[in-house]
Every structure is written in structure tokens, then in C-alpha cells.
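Reading through the C-alpha cells given below for one structure.
The values are calculated or read from the model by the stated rules, or taken from the named source; none is laboratory data. Treat the numbers as computed from the prediction; the structure is a model and nothing was measured. Note that we place each Cβ from the backbone using ideal geometry, even for glycine, and neighbour counts take in every protein chain shown. The protein model used for the area step is the full one, side chains on, heavy atoms only, and it has no ligands, DNA or RNA in it. Shrake-Rupley method; radii C 1.70, N 1.55, O 1.52, S 1.80 Å.
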Amino acid sequence: MLALMLLLFRTGAPASAATTWNTGDVFVAVGNGSYNVYNNAGVFKQTITSPLGATTTGCSFNLAGDKLYTTNWSNNKVVVYDNADPHPILQTISTNSGRNESVVFAADGTFYVSHSLGGSIDHFDAAGNLIANLDPGVRSDWIDLAKDQKTMFYSDEVSHAVHRFDVSARTALPDFATGLPGPNTFALRLLPPGDGTGGLLVATSNAGIQRLDGSGHIVQTYNAPGETKWFAINLDPNGTSFWSGSATTDNFYRFNIATGAKELGPINIGSSAQDQLTGICVKGELTAAPSPTPTLTPTPTPTCSPLLGLLSLLCPSPTPTPTPAPTSTPAPTPSPSPSRSGMVLPVTGGNTTGWISVAVVLVSGGLLVELVLGVVGRPHRRRR
């Protein structure tokens with residue numbers, strides 16, 4: 001009986017837990033060639049690091065979501081990480097020598113890299129080969145590509161403006177906004193529908209994060225007590241929130257776009273040096289380029305091998321899970337609370353599955369013993 005149970009339930013050594021990257025995870029540039037990874041509730045998951053070291057800045061996932069593209073500002077490199085655990089570096093791409101700062105993808109899979117000193121916007125194909133050096137005429141700190149896939153919105157940090165450039169015709173367009181407050185204009189992100197008519201968010205250093213309408217006018221300001229030098233911005237996949245961080249305190253937050261409420265934060269990156277938090281991106285972030293619908297991986301059904309084919313009742317055939325019919329998705333409802341999906345619920349006294357399994361094993365074991373005895377015959381006690 002004991003041997004039977006050991007054969008049925010023996011297991012190998014447990015595998016080490018993988019660190020998966022999920023939609024909503026937040027990637028924060030923390031310097032020293034590194035990014036900290038947090039889940040959507042702001043809980044730290046891991047740190048990824050390239051051997052280049054030095055200052056890291058903006059980042060972005062490609063449209064397929066299987067590669068993370070990061071910028072190494074000090075070395076003018078784009079370092080590409082694999083989305084699959086253990087997230088090795090797949091590629092290191094050299095860019096213009098003007099201190100690359102942000103990266104944004106187009107709908108055709110190509111991508112653009114800005115440069116805060118050299119002024120050039122580099123255009124690369126999906127394999128990382130340079131297509132063109134675009135010269136907008138002024139430095140390009142932070143960039144975002146509009147829905148038309150040709151209008152690039154960008155900041156130059158020092159002119160208190162949000163500029164526009166036609167990457168197709170390679171010509172400058174009229175500024176989207178001028179006279180913005182604060183000493184510097186840093187990261188920006190277009191709001192839906194992504195063509196400029198819905199406005200955008202832009203970090204204006206000590207003046208907070210400004211929300212501009214479709215005409216480039218300030219309609220809302222986001223801030224938090226004690227924070228200065230708002231630097232990085234990115235949109236959350238929930239469609240109602242955005243993330244931003246301070247390069248002075250190295251704190252970052254999640255804000256509700258409509259209400260301005262602080263949903264999460266301050267979350268500190270754990271650095272004692274200033275100007276370490278110089279970039280934020282989010283897996284599944286909203287962009288003007290269409291992203292493919294994520295494919296859900298089905299949970300595998302556990303299998304077992306019946307002992308000598310005698311205990312097939314312990315290994316029932318798995319019941320196929322029906323594929324749900326597609327339904328229309330309602331408009332997202334703003335919710336400041338982080339999603340609880342993916343959390344593992346604790347085992348409670350009401351969970352009787354394990355006990356039923358043990359009972360089945362014991363009963364089946366007894367049946368096997370009875371079967372063996374019936375075949376070989378029961379031993380008879382000898383008479384004196």
C-alpha cells in the first residue's frame with residue numbers, strides 16, 4: 001500500500017520560480033545600466049542590468065510585446081531584452097552620438113530613437129538597421145508618434161514647447177504648444193485618439209505634469225507634495241491612468257487622468273543619488289500605433305501515469321474546456337484600485353479536493369491488494 005502511494009505521488013525537485021513580465025508591469029530607469037521592474041501595484045519584482053553601466057533613460061516594448069527596447073543615454077546604445085524569462089540581452093544597437101533618450105515604435109514595426117544633445121531622430125527597421133537620420137532642427141529629447149504615423153511630437157527640454165515634425169516629408173511642422181511653465185520640458189505622451197486632438201501629457205519639471213487639450217492649452221495639472229523635476233511619463237494599459245516620476249527624489253506615482261487623484265505612490269527606487277530615475281515605460285502601454293491583441297496561454301492540465309494500467313480511474317481523461325464565444329468589450333471604467341487578477345487564493349478548509357484524492361488512492365490501493373490476493377490465493381494457516 002505504501003509503495004503504491006509513493007509511486008503515484010513521487011515528484012521531482014521543485015523548479016526555481018520564473019520572473020515573468022505581465023501587462024501593466026512598470027520598468028523604471030535607475031542608472032548604472034539598470035532598470036527596476038515592478039508589477040502594476042508597484043511591488044518590486046527584479047532588476048535587469050546591461051554591462052554598459054551608466055545612465056539609462058526611456059524604454060518601450062515592440063508591438064509584439066516580446067522584446068523590451070531600452071536606451072543607454074551615456075553610451076548611445078539601445079539594449080534589447082527578451083520578454084521571456086530569464087530576460088537575456090538579445091541585441092545592442094548603436095545610435096547617433098547625441099545621447100539617446102527615448103524610443104517609440106511605428107505601426108510597421110520600425111522604431112525611432114531621440115537624442116537630447118545631437119538633435120537627430122534615428123529611424124531603424126525592425127531588425128535594428130538604420131533607415132535614416134532625421135534632423136528636426138532642434139534637439140529631440142522625448143518623442144511620441146501620432147496616429148497618422150508621420151507626425152512626431154517631441155520636446156527639446158529648454159524651449160518650453162512641444163514641437164512637431166513630419167518624419168515622412170522630413171519637414172518641420174508648427175509647434176503644438178509654446179510658453180509651457182517650469183524650467184524644463186521633459187517626457188510627453190499623446191492621449192487618445194493619438195492624433196493630437198485628444199491632447200497630451202507633458203512633464204514640466206518643477207511645475208508638475210501638464211495636460212494639454214487639442215489646441216495645446218493647459219487644462220489640468222498633476223503634482224504631489226514635495227516633488228520636483230517631474231521627468232518621465234507613460235500611460236497605463238487601463239486607459240484611465242498614467243505613471244510619472246521625479247528625477248530629484250527618485251519617487252514615482254500613478255495618477256488618474258480624469259480626476260488627478262494619486263492612485264499609487266510615492267514608490268522610491270532605492271537610490272541615494274539624484275537624477276537616477278530618468279525613464280519609465282509600461283508593458284502594454286497605450287500608444288498611437290496599434291498593438292496586437294495579447295494571446296492568453298491556457299493553463300496546462302496535470303497528467304499522471306496509472307500504475308501498470310490498473311488504476312486508470314485515478315487518471316481520468318481531461319475534460320476539454322469550451323472556448324468562450326467572443327463578446328463585446330464595454331468601455332473601461334476608471335478604477336483607482338489595482339487589479340487583483342492573477343493573485344493566488346489561499347487554500348481554505350472548504351477545499352476538499354485534496355482529501356477526496358487521498359481517499360480515492362486508499363480505496364484503490366485496497367482494491368489492488370484484493371485483486372492480487374484473489375489471483376495468487378490467500379495463505380492457509382497450518383494445523384498442528
*Return the total of residues in the range 42-69 being among the polar types (S, T, N, Q), closer than 22 Å to Phe231 by Cβ and open to solvent by less than 70 Å² (accessible area, probe 1.4 Å).*
6
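Take the residues in the range 130-157 that are among the acidic types (Asp, Glu) and in contact (Cβ under 8 Å) with a residue 40 or more places away in the chain; name whichever of them is most open to solvent (accessible area, probe 1.4 Å). Please lay out each step first, then the result.
First, pick out the residues of the range 130-157 that are among the acidic types (Asp, Glu): 135, 141, 144, 148, 156-157.
If we keep only those that are in contact (Cβ under 8 Å) with a residue 40 or more places away in the chain as well, we get 141, 144, 148, 157.
Values: Asp141: 0, Asp144: 8, Asp148: 79, Glu157: 39 Å².
Applying the filter and picking the extreme gives Asp148.
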*Out of (1) at pLDDT 65 or above; (2) touching a Leu at 6+ places or on another chain (Cβ under 7 Å); (3) open to solvent by 20 Å² or more (accessible area, probe 1.4 Å), what's the single condition that is false for Leu235?*
(3)
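Every residue, every condition in (1) more than 18 Å from Tyr35 (Cβ to Cβ); (2) in contact with a Phe, Trp or Tyr (Cβ under 6 Å, 6 or more places away or on another chain); (3) among the small types (Gly, Ala, Ser); (4) open to solvent by 20 Å² or more (accessible area, probe 1.4 Å), yes or no:
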site: Ser215; (1), (2), (3), (4): yes, no, yes, yes
site: Tyr222; (1), (2), (3), (4): yes, yes, no, no
site: Ala247; (1), (2), (3), (4): no, yes, yes, no
site: Asp250; (1), (2), (3), (4): no, no, no, no
site: Gly260; (1), (2), (3), (4): yes, yes, yes, yes
_Residue within the range 92-101 that is surrounded by fewer than 22 Cβ atoms within 10 Å (Cβ to Cβ) and touching a residue at least 60 places away in the same chain (Cβ under 8 Å) present_ = no
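Please specify each residue of the range 193-210 satisfying the condition of being under 15 Å from Asp144 (Cα atoms) and out of contact with any Lys or Arg (no Cβ under 9 Å at 6 or more places or on another chain).
Here is the first cut: in the range 193-210, the residues under 15 Å from Asp144 (Cα atoms) are 193-203.
Once the filter is applied, which keeps residues that are under 15 Å from Asp144 (Cα atoms) and out of contact with any Lys or Arg (no Cβ under 9 Å at 6 or more places or on another chain), the range 193-210 yields Thr197, Gly198.
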_Residue satisfying all of: in the range 270-286; of a type outside the set (S, T, N, Q) and surrounded by fewer than 16 Cβ atoms within 10 Å (Cβ to Cβ); modelled with the highest pLDDT among these_ = Gly270
*Among the candidates Gly65, Gly98, which residue alone is closer than 23 Å to Pro237 by Cβ and either assigned to a loop (DSSP other than H, G, I, E, B) or at pLDDT below 95 (or both)?*
Gly65
_Please go through the range 162-188 and give me each residue that is under 31 Å from the mean Cα position of the chain (by Cα) and on the phi > 0 side of the Ramachandran plot, ordered by number._
Gly182
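With the structure loaded, tell me whether Gly226 is at pLDDT below 95 and open to solvent by 30 Å² or more (accessible area, probe 1.4 Å) or whether it fails that test.
On the way: at pLDDT below 95: yes; open to solvent by 30 Å² or more (accessible area, probe 1.4 Å): yes.
Answer is yes for this residue.
Can you tell me which residue within the range 163-180, out of those that are part of a strand (DSSP E or B) and of a type in the set (Gly, Ala, Ser), is modelled with the lowest pLDDT? Step through it out loud before you land on a result.
Narrowing the range 163-180 to residues part of a strand (DSSP E or B): 163-166, 171-177.
Going one step further and asking which of them are of a type in the set (Gly, Ala, Ser), we end up with 172, 177.
Details: Ala172: 95, Ala177: 98.
Across the range 163-180, the extreme among qualifying residues is Ala172.
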*Listed residues His123, His160; which is in a strand (DSSP E or B) and either of a type in the set (Ser, Thr, Tyr) or open to solvent by 10 Å² or more (accessible area, probe 1.4 Å) (or both)?*
His123
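Yes/no per residue for (1) closer than 27 Å to Trp21 by Cβ; (2) in a strand (DSSP E or B); (3) of a type in the set (Asp, Glu):
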{"residue": "Gln210", "(1), (2), (3)": "no, yes, no"}
{"residue": "Phe231", "(1), (2), (3)": "yes, yes, no"}
{"residue": "Phe242", "(1), (2), (3)": "yes, yes, no"}
{"residue": "Glu263", "(1), (2), (3)": "yes, yes, yes"}
{"residue": "Pro266", "(1), (2), (3)": "yes, yes, no"}
